[in-house]
Amino acid sequence: MYDYDDYVMISEIQHFTFCRRQWALIHLEDQWQENLRTVEGKILHEKTHETQSEVRDGVVITRGMQVFSHELGINGVCDTVEFRPDPHGVTLHGRIGTYKPVPVEYKRGKPKEHNADIFQLCAQAMCLEEMLVCEINEGFLFYGETRRRQHVILDESLRDEVSAKFMEIHEYRRRGYTPKVKPTKSCGACSLKDICLPTLMKRSSAKAYLNEKLAEQGDDQCESY
Ligand code: SF4
């Protein structure tokens, strides 16, 4: 169990999975840069949260639901939770029958090579299970670019990975630890690449880089005389 002040946002697992340094720059050092991807992602999320609740074909669709897990020390918002009629489901205030909760997370773009979106969806389901005292074994990711839903099975190994990642995030927070730069192919799409300076770190040393820059300046001055 965690103190409420130590809770982390569910969405942090996305940044943490993409790059631990990016997570630390955003969540420990309050650095944030918007690029096209983050802006488009925000617009898609705002559209998703326009309506709070509606019923379609017997399915109760709830948007923007606040969720938490005391066990994982996390909280956040589910884009959409579909409550589908199910004899083994949970009761809902003001509604007849029982329902099975199924989280649906909206993303811009298309399915990714890494599991960041799947981890986030699973964390939402784990929160819902704790709050509603039920089991949720599936969820969906909807991608704006492909306009398709990806079905995700929420099995034990996935839950273990999510729990381990949040334990790691809590530990990094406790230590206030920002990992060093390790340039990867993800850096090209990173919204913090200009702050993180991966190209600088690829050089043999900072001293060599500075010497190179000074030499360039010297050349420029010579040319201007
Ligand atoms: S530029 Fe690369 S190393 Fe730096 S935060 Fe982004 S992904 Fe991580």
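What to note about this one:
- Enumeration of residues in the stretch 100-134 that are outside any loop (DSSP other than H, G, I, E, B) and small (Gly, Ala, Ser): Ala116, Ala123, Ala125
- Breaking point among (1) outside any helix (DSSP H, G or I); (2) crowded, with 18+ Cβ neighbours inside 10 Å; (3) in contact with a strand residue (DSSP E or B) (Cβ under 6 Å, 6 or more places away or on another chain), for Leu72: (3)
- Cβ-Cβ contacts under 9 Å between residues 6 or more apart (or on different chains), taken from a first residue in the stretch 135-149 that is at negative phi and aliphatic (A, V, I, L, M) to a second residue that is in a loop (DSSP other than H, G, I, E, B) and surrounded by 12 or more Cβ atoms within 10 Å (Cβ to Cβ), are listed as Ile136/Leu154; Leu141/Pro111.
- Check on Ala125, farther than 16 Å from Phe18 by Cβ, buried (at least 16 other Cβ atoms within 10 Å of the Cβ) and not acidic (Asp, Glu): yes
- Selection of first residues in the stretch 189-201 that are at pLDDT below 85 and of second residues that are assigned to a helix (DSSP H, G or I) and within 6 Å of the ligand (Cβ to nearest atom), restricted to Cβ pairs under 7 Å at least 6 apart or on distinct chains, gives the following pairs, ordered by first then second residue: Pro198/Cys187.
- Residue list for the stretch 157-193, restricted to those being of a type in the set (Ser, Thr, Tyr) and more than 8 Å from the ligand (Cβ to nearest atom): Ser157, Ser163, Tyr172, Tyr177, Thr178
- Among the residues making up the stretch 9-19, those that are assigned to a helix (DSSP H, G or I) and more than 8 Å from the ligand (Cβ to nearest atom) are Glu12, Ile13, Gln14, His15, Phe16, Thr17.
- The stretch 92-117: number of residues that are touching a Gly at 6+ places or on another chain (Cβ under 9 Å) and either acidic (Asp, Glu) or free of Cβ contacts under 8 Å to residues at least 60 places away in the same chain (or both): 10
- Filtered by the rule that a residue be of a type in the set (Val, Ile, Thr) and surrounded by 16 or more Cβ atoms within 10 Å (Cβ to Cβ), the stretch 137-177 gives Val152, Val162, Ile169.
- Residue match in the stretch 135-143 (condition: over 23 Å from Arg21 (Cα atoms) and in a helix (DSSP H, G or I)): no
- Condition met for Glu40 (surrounded by 13 or more Cβ atoms within 10 Å (Cβ to Cβ), closer than 27 Å to Lys165 by Cα and modelled with pLDDT of 95 or more): no
The values are calculated or read from the model by the stated rules, or taken from the named source; none is laboratory data. Everything quoted here is computed from the prediction, not taken from an experiment. Ideal geometry is used to build each Cβ from the backbone, glycine not excepted, and the neighbour counts take in all protein chains shown.
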